[in-house]
1. Tell me yes or no: at least one residue of the range 6-19 is under 30 Å from Val210 (Cα atoms), within 15 Å of the ligand (Cβ to nearest atom) and in the same structural domain as Gly129 (by TED's automatic domain parsing).
2. Residues of the range 214-245 being in contact (Cβ under 8 Å) with a residue 12 or more places away in the chain, open to solvent by 30 Å² or more (accessible area, probe 1.4 Å) and assigned to a loop (DSSP other than H, G, I, E, B), which ones?
3. Inside the range 1-57, can you point out the residues that are under 13 Å from Tyr68 (Cβ atoms), not in a loop (DSSP other than H, G, I, E, B) and not hydrophobic (A, V, I, L, M, F, W, C)?
4. Checking the structure you have, find out if any residue of the range 15-23 is within 17 Å of the chain's Cα centre (by Cα) and touching a residue at least 40 places away in the same chain (Cβ under 8 Å).
5. Out of the residues in the range 24-44 that are touching a residue at least 60 places away in the same chain (Cβ under 8 Å), more than 9 Å from the ligand (Cβ to nearest atom) and small (Gly, Ala, Ser), which is surrounded by the most Cβ atoms within 10 Å (Cβ to Cβ)?
6. Check whether at least one residue in the range 120-135 is of a type in the set (S, T, N, Q) and open to solvent by 70 Å² or more (accessible area, probe 1.4 Å), and report yes or no.
7. Please give the number of the condition Arg189 fails out of (1) basic (Lys, Arg); (2) open to solvent by less than 80 Å² (accessible area, probe 1.4 Å); (3) in contact with a strand residue (DSSP E or B) (Cβ under 6 Å, 6 or more places away or on another chain).
8. Which one is nearest to the ligand (Cβ to nearest atom), of the residues in the range 57-74 that are open to solvent by 30 Å² or more (accessible area, probe 1.4 Å) and farther than 18 Å from Thr125 by Cβ?
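The values are calculated or read from the model by the stated rules, or taken from the named source; none is laboratory data. All of these numbers come straight from a predicted model, not from anything done at the bench. Cβ atoms come from the backbone with ideal geometry, glycine included; neighbour counts cover every protein chain shown. Calculation scope for accessible area: heavy atoms of the full protein, side chains included, ligands and nucleic acids excluded. Shrake-Rupley method; radii C 1.70, N 1.55, O 1.52, S 1.80 Å.
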Amino acid sequence: MIDTAWARANLPDRRIDWHESLESTMVEAGRLAAHGCPSGTIVGAEEQTAGQGRFGRTWHSEPGSGLYVSIVLRNQFPPETMPVVTLALGLAVREAIQSTAGIACDLRWPNDVLAGSRKCAGILTTLEGPAIIAGIGINANHTEFPPELRDLATSLRMEGGQIYSRERLLVALAESIGSFCRLLELEGREPILRMFSAASSFVSGRRVQVESGETNLRGTTAGLNQAGFLILRDDNGRENVILAGGVRPCS
Ligand code: BTN
């Protein structure tokens, strides 16, 4: 179990609900948000029995190894800012991992967090009325993954060779999310777009394949547009705006 007393002492004024086991922190945070819980409320679990990933996938949530949290955000973002909130969360997770574990991560649009070429953290955002539920899973201390994830996933421990404090990660994460959200509220999308483009090797000049539903596009990435969507230049030189989808490197 994480040291919740330490986390609460370092995040005063925050509601932190920590559970031994939940189906998904997204479900519990959504329920609390619907009942009017304060902005910044954190719901965490030692294990999730039905952890949710993007595209309806499940999120592998080994008990006691990862950080599995959902944070309720009530920032007043205009609707057009929503795609950039996702990018801001990616920047926040990257910053928290860097400051806690000293591991420099890459960001794969829109918000996969990679150590080396494998995923060490994932982000899922949903809406509950006016609240945003930011779901974050960090593979902190896993020593192995199921066979189907072995080539795709890694953990901070597997990369850095040591066990990392999940409560330190949690505190750093909550602080980073707070500061990136404040930046977005105060200065708009531009600084986040700039910082994401600088932090991600996938935003420009990268040969990728994008799978979105039935469509599968290949091309070279050509930056982000003002809304935060990825621009992909196909082999005919045509520019496609990618609204959603799984981005993978290809040759
Ligand atoms: C992804 O597919 O990359 C997103 C993964 C998000 C996982 C986290 S773990 C905490 C929160 N609760 C969930 O059920 N999912 C998110």
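1. no
2. Asn225, Gln226, Phe229, Asp235, Leu243, Ala244
3. Answer for the range 1-57, where residues must be under 13 Å from Tyr68 (Cβ atoms), not in a loop (DSSP other than H, G, I, E, B) and not hydrophobic (A, V, I, L, M, F, W, C): Asp17, His19, Glu20, Ser21, Thr25, Glu28, Gly44, Glu46, Glu47, Gln48, Gln52.
4. Looking only at the range 15-23, we keep the residues that are within 17 Å of the chain's Cα centre (by Cα), and these are none.
Looking through the range 15-23, none of the residues is within 17 Å of the chain's Cα centre (by Cα) and touching a residue at least 40 places away in the same chain (Cβ under 8 Å).
5. Looking at residues that are touching a residue at least 60 places away in the same chain (Cβ under 8 Å), more than 9 Å from the ligand (Cβ to nearest atom) and small (Gly, Ala, Ser), I get Ala33.
6. No; the residues of the range 120-135 include none that is of a type in the set (S, T, N, Q) and open to solvent by 70 Å² or more (accessible area, probe 1.4 Å).
7. Among (1) basic (Lys, Arg); (2) open to solvent by less than 80 Å² (accessible area, probe 1.4 Å); (3) in contact with a strand residue (DSSP E or B) (Cβ under 6 Å, 6 or more places away or on another chain), Arg189 violates only (3).
8. Looking at residues that are open to solvent by 30 Å² or more (accessible area, probe 1.4 Å) and farther than 18 Å from Thr125 by Cβ, I get His60.
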